[in-house]
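The values are calculated or read from the model by the stated rules, or taken from the named source; none is laboratory data. This structure is a prediction, so every number in the text was calculated from the model and none was measured. Every residue, glycine among them, receives a Cβ derived from its backbone with ideal geometry; neighbour counts consider all protein chains shown. Surface areas here come from the heavy atoms of the whole protein model, side chains and all, with no ligands, DNA or RNA. Shrake-Rupley method; radii C 1.70, N 1.55, O 1.52, S 1.80 Å.
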Amino acid sequence: VGNPPFSGERLFEHPPAGVVMGLAWTAMGGSSLYIESVLEAPLTTESKPALTKTGQLGDVMKESSSIAYTYAKAHLLRHFPHLAQFFQHAAIHLHVPEGATPKDGPSAGITMATSLISLAANTPIPPHIAMTGELTLSGKVLKIGGLKEKTIAAKRSGITTILFPAANAADWAELPDFVKEGIEGRPVEWYYEVFDACFGEAVARGEFAKN
Amino acid sequence: VGNPPFSGERLFEHPPAGVVMGLAWTAMGGSSLYIESVLEAPLTTESKPALTKTGQLGDVMKESSSIAYTYAKAHLLRHFPHLAQFFQHAAIHLHVPEGATPKDGPSAGITMATSLISLAANTPIPPHIAMTGELTLSGKVLKIGGLKEKTIAAKRSGITTILFPAANAADWAELPDFVKEGIEGRPVEWYYEVFDACFGEAVARGEFAKN
Amino acid sequence: VGNPPFSGERLFEHPPAGVVMGLAWTAMGGSSLYIESVLEAPLTTESKPALTKTGQLGDVMKESSSIAYTYAKAHLLRHFPHLAQFFQHAAIHLHVPEGATPKDGPSAGITMATSLISLAANTPIPPHIAMTGELTLSGKVLKIGGLKEKTIAAKRSGITTILFPAANAADWAELPDFVKEGIEGRPVEWYYEVFDACFGEAVARGEFAKN
């Protein structure tokens, strides 16, 4: 029945800052779904802020990236205001490989916000975390579909910690033990829990501190 | 059953800077697929950056050119910052002949990035290299289709080195010897390997150095 | 079966600068296809460059005019830089009569470039030259269709020299002698050969020289 829509490989052993592994789910199974954010022009005091989106994103996913963008700015403004200045002059290009595969849905919300914060802070996230969850502007993490398939895909990609919405805790509880073996499932209700899982160690090391 | 969508000729014996041979693949076979990048207006300290795209490109290929543009800027900014300044004022026109043939797909990603870097550095690439591969914003080279047909087309066009994604290494291994005879296949996992193959000698000659 | 899509008359005995005879080809035969370029506003040091296109042009033909525009600028910039300044302030209107007939295809590429160069240099081309050929950004002239029908139409319009792509040389060789009688066919591989045929005498007369 044709090729799987995503190749499902692990693209990056050590993703650079701005690159975060999300998880997708289709009728053909789960797969990794990376979000890549980079500067599309050098950051100067005169450069204009922008968010360019590519990857054959559907309307919901485009809106999702706008929400992640607004949220990431607000999150940093509240907690690390010196880092939030980044967004005032950053022309950001957010891409979701693979380029020929149409993608849609809101469940990459927390992944996109994490990608943008990682870029702003110039801090990669630990390489064995993947995540899935819709994000609201207030930072609430909403329920997603396909947790079983996404968990299988995450394990196949070498992931040892998966972040998923607390609203999916019952789905997680129902997963067979062999699926959950070797992978820690961490339910998150608010984005700050995602932030702690991804950047907690970097904050402790002083990487988010003002110079 | 009608004309082949591409004429499959070798258009340039010695492509100028900005012109790179990619490879296309349709149900009717493979063919060369050139990418041409030129300045559409003189470069001055006041000219505004832009990327115009022509050649009946579909949505995926248009996005692919945006990704190549962002990547080329980031690549030069990291490795040859004096050359990256080019993009701050360059109004670039990227065209994919032949103009009447609709084209789509992400597999010209590395070809487009190479075309843009070649233009920025004003350095042609060696005339007997062709390439195919999807590019991500982080510089990862992703799997493509039709490697066999593309290899046949490359040979027909006088190519002696073909760059293809490392993820297609198994496809390459399975090609019959008579197809691979006289052509070197070089799997690439990251764009910097494409860069080395295309510009390594020019860098060694000092052509990328700051004056 | 209805009116012919083009009237096929000779519109201009002595086309002014900016007007060049191309050739079209439909299921109903060949016809002349003029390209007209004029300034749509006075040229001042403050006027902004622009290219307006009319004549019921399809997508491919619109792109073709963009390619011709970029190419014409680059060609003059390289060979006659004082004339290239024209394009920095010229608001140009390019029209393809007859206005009610939908037109498409890339084969007017070299005609459009010639029209724009003729306008920029304020130099008409010799009245008995017509031409057909797709143009790439690098100045390569690509193969077209309908050479026989176009040649017949050119003769009917009093043309004595027809420029066509070198890639159509075999088509030319196969034309019956009675079709070729009284018309010189000149195959061109690169745009500079078109330039020489159209402007060579004017250059020799000093018309392209800097004042």
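Only residues that are crowded, with 19+ Cβ neighbours inside 10 Å, over 13 Å from the mean Cα position of the chain (by Cα) and more than 17 Å from residue C:196 (Cα to Cα): list them for the range C:60-86, please. First the steps, then the outcome.
We begin by selecting, within the range C:60-86, every residue crowded, with 19+ Cβ neighbours inside 10 Å; these are C:60-61, C:63-76, C:80, C:83-84, C:86.
Going one step further and asking which of them are over 13 Å from the mean Cα position of the chain (by Cα), we end up with C:60, C:63, C:66, C:70, C:73-76, C:80, C:83-84, C:86.
Within the range C:60-86, C:60, C:63, C:66, C:70, C:84, C:86 qualify.
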Return only the number of the condition from (1) aliphatic (A, V, I, L, M); (2) farther than 25 Å from residue A:201 by Cα; (3) in contact with a Gly (Cβ under 8 Å, 6 or more places away or on another chain) that residue A:91 does not satisfy.
(3)
Against the definition (aromatic (Phe, Trp, Tyr) and open to solvent by less than 10 Å² (accessible area, probe 1.4 Å)), how does residue B:178 come out, yes or no?
no
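Looking only at the range C:63-83, which residues are in contact with a Lys or Arg (Cβ under 6 Å, 6 or more places away or on another chain) and under 19 Å from residue C:137 (Cβ atoms)? Give the derivation first.
Taking the range C:63-83 and keeping what is in contact with a Lys or Arg (Cβ under 6 Å, 6 or more places away or on another chain), we get C:65, C:82.
The one that is in contact with a Lys or Arg (Cβ under 6 Å, 6 or more places away or on another chain) and under 19 Å from residue C:137 (Cβ atoms): C:65.
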Where in the range A:1-107 are there strands (runs of 3 or more DSSP E), lying wholly inside it, with at least 2 residues that are within 12 Å of another protein chain (Cβ to nearest Cβ) and under 25 Å from residue B:49 (Cβ atoms)?
A:29-39, A:50-54, A:91-95
Total residues in the range B:26-37, condition surrounded by fewer than 24 Cβ atoms within 10 Å (Cβ to Cβ) and at pLDDT 95 or above:
0
Please tell me if residue C:115 is open to solvent by 10 Å² or more (accessible area, probe 1.4 Å) and within 14 Å of residue C:22 (Cβ to Cβ).
no
Are any of the residues in the range C:89-103 touching a strand residue (DSSP E or B) at 6+ places or on another chain (Cβ under 8 Å), open to solvent by less than 40 Å² (accessible area, probe 1.4 Å), at pLDDT 95 or above and of a type in the set (D, E, K, R)?
no
Taking the range C:88-106 as the search range and keeping residues that are touching a Phe, Trp or Tyr at 6+ places or on another chain (Cβ under 8 Å) and not aliphatic (A, V, I, L, M), which one is farthest from residue C:195 (Cα to Cα)?
C:101
How many residues does the range C:138-161 contain that are touching a Ser or Thr at 6+ places or on another chain (Cβ under 6 Å) and surrounded by 22 or more Cβ atoms within 10 Å (Cβ to Cβ)?
3
